[in-house]
1. Could you list all residues from the range 195-221 that are at pLDDT below 85 and on the phi < 0 side of the Ramachandran plot?
2. Quick one: which residue in ALA363, ALA385, ALA379 is closer than 28 Å to LEU296 by Cα, modelled with pLDDT under 90 and either in contact with a Gly (Cβ under 8 Å, 6 or more places away or on another chain) or open to solvent by 50 Å² or more (accessible area, probe 1.4 Å) (or both)?
3. Name the one entry in TYR354, TYR346 that is in contact with a Gly (Cβ under 8 Å, 6 or more places away or on another chain), within 20 Å of ASP212 (Cβ to Cβ), crowded, with 23+ Cβ neighbours inside 10 Å and of a type in the set (Ser, Thr, Tyr).
4. Every residue in the range 90-108 that is among the β-branched types (Val, Ile, Thr) and farther than 18 Å from ALA30 by Cβ, please.
5. Quick one: which residue in LEU256, LEU295 is more than 21 Å from the chain's Cα centre (by Cα), hydrophobic (A, V, I, L, M, F, W, C) and surrounded by fewer than 23 Cβ atoms within 10 Å (Cβ to Cβ)?
6. Starting from the range 83-106, take each residue that is closer than 11 Å to VAL37 by Cβ and list its partners that are part of a loop (DSSP other than H, G, I, E, B) and modelled with pLDDT under 95, counting only C-beta distances under 7 angstrom and pairs at least six apart or across chains.
7. Restricting the search to the range 213-228, which residues are touching a helix residue (DSSP H, G or I) at 6+ places or on another chain (Cβ under 8 Å) and surrounded by fewer than 19 Cβ atoms within 10 Å (Cβ to Cβ)?
8. So which of VAL179, VAL157, VAL170 ends up being at pLDDT 90 or above, open to solvent by 70 Å² or more (accessible area, probe 1.4 Å) and either in contact with a helix residue (DSSP H, G or I) (Cβ under 7 Å, 6 or more places away or on another chain) or over 30 Å from PHE265 (Cβ atoms) (or both)?
Amino acid sequence: MLLRDPVERALASAVAALSLSRGMFFAVSALYFTRGVGLSAATVGLGLTTAGAVGVLSSYVGGRLSDRYGADRLQQWTLAANGAALLAYALAGNVISFILIAACVSATRGLQSTAQVTLLARWYVGPERVTVRARLRVVMNVFIGAGSLLAGLALMVDTTSAYRLTVVLVGGVTMLGTVPLIGLRRRVAGLAERMDATGGQAQVRGRSPLRDRTYVASTVLNAIVAIQFGLTSVAIPLWVADHTDAPTVVVSALLLINTAYVALFQVRASRGAQNLRTAGQSVRRAGLFLLVACLLFAAAGYLGAAAATGVLLLAALAASAAETKGEAGGWTMAFELADPARAGAYQGLSQTGYAVAQMVSPAVVTTSAIDHGTTGWIALGMLFAATGAATALLANRAAERSVERVLDRDGVR
């Protein structure tokens, strides 16, 4: 909150509010939907999956809207709309209303996320974009953890009213996140010019990201690496509880390790991915760390309680290292490979890849590691390692082409 740059300070404040509300929501949402709204677990899963598909589409659309209307404006509008949609959950009373509200929540979240990344791409330059994004990621993790702790009060009370009140607070806190963004254009000289790529016109000159084969390939590869988030949210709790002798409470310790590791080392990891070559190397290392983590998770299933706990802790550290390196490398590639004239459209495609990964990751990790045990863990780890290697190869070739274009432009060759 003490950052000197007014844009980063405003973004950090908005991210803090959004993340605090997300942490509270994650902790109580499942219980609220099943007990408060009266939905079955299967219905909740189906509704959230449907909403996730809407979020994928909105992530892409958000890029084009950012180019046309300004990423700062879009972020402010959609953050307010996201808060209003979350508030509406308190009024949900049946399946139809739940699915419609969930779709609105996912749509506004996708738009807001793309607008935020586009703002970074347009306002900051070079490695600074990745460094700032890393700092925002630290803020996000810390405040999600704080939100989860606050939601513990509702879990202690364990009543429908407590869960509904928490949902209301979630919406209200999210809407408060718009406050530091209000009037940002007036407070920061030059921001309006950087954000307005088209002057409000419908068309933006520049290359379409869908026709940029290198960017599309990079998006696909980084989306595959991003499936790793399904390990933390789905695979690890199920694996520890049902397939190892380690106490179930270890799950909380593993999540805490992940949160602390990202908070401590995400910015440092971003410094090791400052250009295309080092970004590719960072993603390659992430793939190898994920392979090690998957092998350790599989090994924990064959050990006693104490040994399994130790191996699981090592696996969590490897997975956390992979997360920081993979994210840093992926962010740099998303920024460096994009056409600056169409920053929004390119970042929209990149965010779409992440949205698809979030939507499919639970199914991927359960049908591989959980359903097939050791064989599944090995296959999943090999997928991550191969994807990391392919990403490094792609980044190296892109860097070589970039150097060749500079030489041709300067008449050196």
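1. Keep residues of the range 195-221 that are at pLDDT below 85, which gives 196-208.
Answer for the range 195-221, where residues must be at pLDDT below 85 and on the phi < 0 side of the Ramachandran plot: ASP196, ALA197, THR198, GLN201, ALA202, GLN203, VAL204, ARG205, ARG207, SER208.
2. Details: ALA385 fails: modelled with pLDDT under 90; ALA379 fails: modelled with pLDDT under 90.
Answer to the selection: ALA363.
3. Working: TYR354 fails: in contact with a Gly (Cβ under 8 Å, 6 or more places away or on another chain).
Only one candidate qualifies: TYR346.
4. ILE96, THR108
5. Values: LEU256 fails: more than 21 Å from the chain's Cα centre (by Cα).
Within the list LEU256, LEU295, the selection yields LEU295.
6. Taking only residues 6 or more apart or on different chains, the pairs are ALA92/VAL37; GLY93/VAL37; VAL95/LEU39; PHE98/VAL37; PHE98/LEU39; PHE98/ALA92; ILE101/ALA92.
7. Restricting attention to the range 213-228, the residues satisfying the condition of being touching a helix residue (DSSP H, G or I) at 6+ places or on another chain (Cβ under 8 Å) are 214-228.
THR214, VAL216, ALA217, VAL220 - these are the residues of the range 213-228 that are touching a helix residue (DSSP H, G or I) at 6+ places or on another chain (Cβ under 8 Å) and surrounded by fewer than 19 Cβ atoms within 10 Å (Cβ to Cβ).
8. Details: VAL157 fails: at pLDDT 90 or above; VAL170 fails: open to solvent by 70 Å² or more (accessible area, probe 1.4 Å).
Every option except VAL179 fails the conditions.
The values are calculated or read from the model by the stated rules, or taken from the named source; none is laboratory data. No experiment lies behind these values; they were computed from the predicted model shown. Virtual Cβ from ideal backbone geometry, glycine too; neighbours counted across all protein chains shown. Just the protein is used for accessible areas: all its heavy atoms, side chains included, with ligands, DNA and RNA removed. Shrake-Rupley method; radii C 1.70, N 1.55, O 1.52, S 1.80 Å.
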